[in-house]
Structure formats: C-alpha cells, structure tokens
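Have a look at the structure below before the remarks.
Readers should treat all values here as calculations from the given coordinates under stated rules, not as data from a laboratory. Just so we're clear, the structure is a prediction, and the values are computed from it rather than from any experiment. All Cβ positions, glycine included, derive from the backbone under ideal geometry; neighbour counts span all protein chains shown.
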Amino acid sequence: MLKWSFIPICLLAFNGFSQTCCSGGVPLSANIGFPAASKGSFQYSLTHDVNVLRTLKNGLEKIDDRSRTRRTHSILFSTGYTFSPRISADVSLSYVWQQRIIDRPGLPRNVERTNGFGDVMFLLKYQLTKPTNQDMALLVGVGGKLPTGKTAMESDDGIPLNLDLQPGTGALDGIFWALFTRKLGFRPSASFNALLVVRRTGLHDTYRQVQTYEIGDNYRLHLGVSDQFVIGSTLFNGSLTLRYRQATEDRIDGQDLESTGGKWVFLNPEIRVPLSTSLSLSLQIELPIYANITGEQLSTTYRATNGFYYTPQ
C-alpha cells in the first residue's frame, strides 16, 4: 500500500516549476519523482498539462486588465528505474506549445506562438529509511536540467522572442529533492506527504547571442494528504495538496530584471482512477489561493493536468 501512497504527490513533485517571470512556462519536471518500487522495475508516465494565465497582478493587488493572456500546453513523458531497494533514477522529457495574446483596444491584436521540445531533466534518488518499512519513507534526490530545448526562436517578423516563450532555458540547473511520507495511524489507507524541492538555476550565456540570462532560483514546499476510497466496486486514490512556491528575480547581464519572481500558494486536488493492475489515470487541477508578485506580472488563473501512470507487473 505504501508505494501507492507516494503517487499523488510524487508524480507532481515539480509540477508548476516555471521557466518564466510570470509563473507560466513549461512544467519541466512535472513527472520527476516516481514512488518507491521493487528492484529492477520500470515506471512510466505520460501527461498533458495546461497552464492558463489571465490574472494580472502587482504585488498583492489584482489589476483589472484582461488585455493579456498566456496559455501553455505541455506533453511530458517520464520514466524511472529502480537499481536497488534504495537507489533509483528518473528522466523526464517534454514537448511544449506556448501562446501569448495581447489585445488592447485600438491596437492590432498581437499573437505569438511557439512549440518545440523542452529541456531534459534527471533525478537520482536514495531512500534513507528502510525499504521494508511500510509505514514511513524518506527519500532524497539530486539531479539537474540539461539545456536541450531551443532558445533562439523568432516571431513571424524575425524578431527574437523573450526567453519565457522559448521551449528551452539555455542553462544547466541543479536540483535538490526530498520526499517524506507517513501513514496516518487512525486510517491505514491514508498518508501524509511532504515534499521539498530546490532548483538552483544556471546561466544562459548566449541569450540573444550577446547577453547573459539567469532565471530566478525556485523553492517549493508541498504538504498534502492522500487516501483511498471505494465507489461501487472500484478503488480510487485521492489527494489534496497545499503548494508553496517562491521564485527569486531573474537576472539579465548580472542585473535584476523587473517584474520577475514572487511567492505563490496553490491548492491542488487530485484523483487517480485505476484502469488495470498496471495502469492508472490521474486527473487534477491547481488553483491559486495566494500570490504576492514582484512588480506587474501575469499569474496563473488555473492549471489542469491529466495523465497516465504505468508500471509493468
């Protein structure tokens, strides 16, 4: 039962990690962080993520301006392999479509669209607690993001697009990851989950060929509970997670970039439906309940993710 209790939060361990100033962009490692599994086993996931940004804010203030909209669709594929009862590794790939619309009265409607493969992410994990412990587990991991995605795409007019519309980030990042899960004694099917993720970003030293760009560091803390319940004869898994994210300001040519960074809190309900003994379907939505933005930025209005998790029997 323990390995299933990991899934609601682990599959979303990095979901929402943004490469942009406006909490949009590609959830580059949405599927990194698979649950503990037996030695020699593979795990797979394939998800679709859509991030809709229509809320304009400055600090805590919501601005009544609907002239700007952003939408990001991402297809993410992840695979994990367990080398030993304590050691495992995950890799995540992405393909992304991004769209930005600026529609102000009296001005031509501006639409920018990009698509392409994103950066590749990897994570090496170690289980600190005994693998035989079915009531509690603590895993830690280190990894990174490889700059494999394009960063020099242009508009139809031949103008270089900002980094937040590029599929890639152009930088090598480092990641620290830690997950704690524990069964709740009063209800054996329920568990408490806590996840900490720190991403230290590297430097894109050929931004627009002549500049350097450093995306702000990201810090995330997720706290959630998951449980199982039966409808008819089908066993479902559900979870409710509170997610905190903090991003420092981006830097261009060594100087802080205005209107980047901030602090966010999201509420994330999720349900997982078993389709067979090996395959399950995950459905979830992420809703912002607090956002303190640095400067004026678009912020997430809602985010929805659905996908499949498969582990061969």
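Quick notes on this structure:
- Sorting Asp227, Asp119, Asp156 from the fewest to the most surrounding beta carbons within 10 angstrom yields Asp156, Asp227, Asp119.
- Residues Phe186, Phe229, Phe266, Phe122 in ascending order of nearby Cβ atoms (within 10 Å, fewest first): Phe186, Phe229, Phe122, Phe266.
- Each of His73, His222 was scored by other Cβ atoms within 10 Å of its Cβ. Arranged with the fewest first, they read His73, His222.
- For region 229-239, putting each phi into the Karplus relation 6.51 cos²θ - 1.76 cosθ + 1.60 with θ = phi - 60° gives couplings of 8, 10, 10, x, 10, 9, 8, 10, 10, x, 8 Hz, in residue order, rounded to whole numbers and with x for Gly and Pro.
- Simple Cβ-charge dipole of the chain, Lys/Arg +1 and Asp/Glu -1, about Cα centre, in debye nearest 20: 1080 debye
- Distance from the C-alpha centroid of region 109-156 to that of region 70-92: 7 Å, rounded to the whole angstrom.
- Using the Karplus relation 6.51 cos²θ - 1.76 cosθ + 1.60 with θ = phi - 60°, the per-residue 3J(HN,Hα) values for region 264-271 come to 9, 10, 10, 10, 10, x, 8, 10 Hz, with x marking Gly and Pro.
- Whole-Hz Karplus values for region 71-88 come out as 9, 10, 10, 10, 9, 10, 10, 10, 9, x, 9, 9, 7, 8, x, 10, 10, 8 Hz, taken residue by residue from phi with 6.51 cos²θ - 1.76 cosθ + 1.60 and θ = phi - 60°; glycine and proline positions read x.
- Normalised contact order of region 2-310, rounded percent, pairs of Cα under 8 Å and 6 or more residues apart: 18 percent
- Within a Gaussian network of the chain (alpha carbon springs, distance under 10 Å), most fluctuating of Gly170, Gly143, Gly232: Gly232
- Build a GNM of the chain with springs between Cα atoms under 10 Å apart, and of Thr201, Thr301, Thr234 the one that fluctuates most is Thr234.
- Coordinate range of the alpha-carbon atoms in the chain per principal axis, descending: 61, 38, 30 Å.
- C-alpha center-to-center spacing [region 273-297, region 162-220] in angstrom: 16 Å
- Candidates Leu128, Ala152, Gly170 compared by Cα position along the dipole of region 39-190: farthest toward the positive end lies Leu128, with charges placed on Cβ.
- Nonlocal amide H pairs with Gly202, under 5 Å, H built at 1.01 Å: Leu172, Asp173, Gly174
- Prolate/oblate/rounded call for region 87-138, Cα gyration tensor, a/c under 1.5 rounded: prolate
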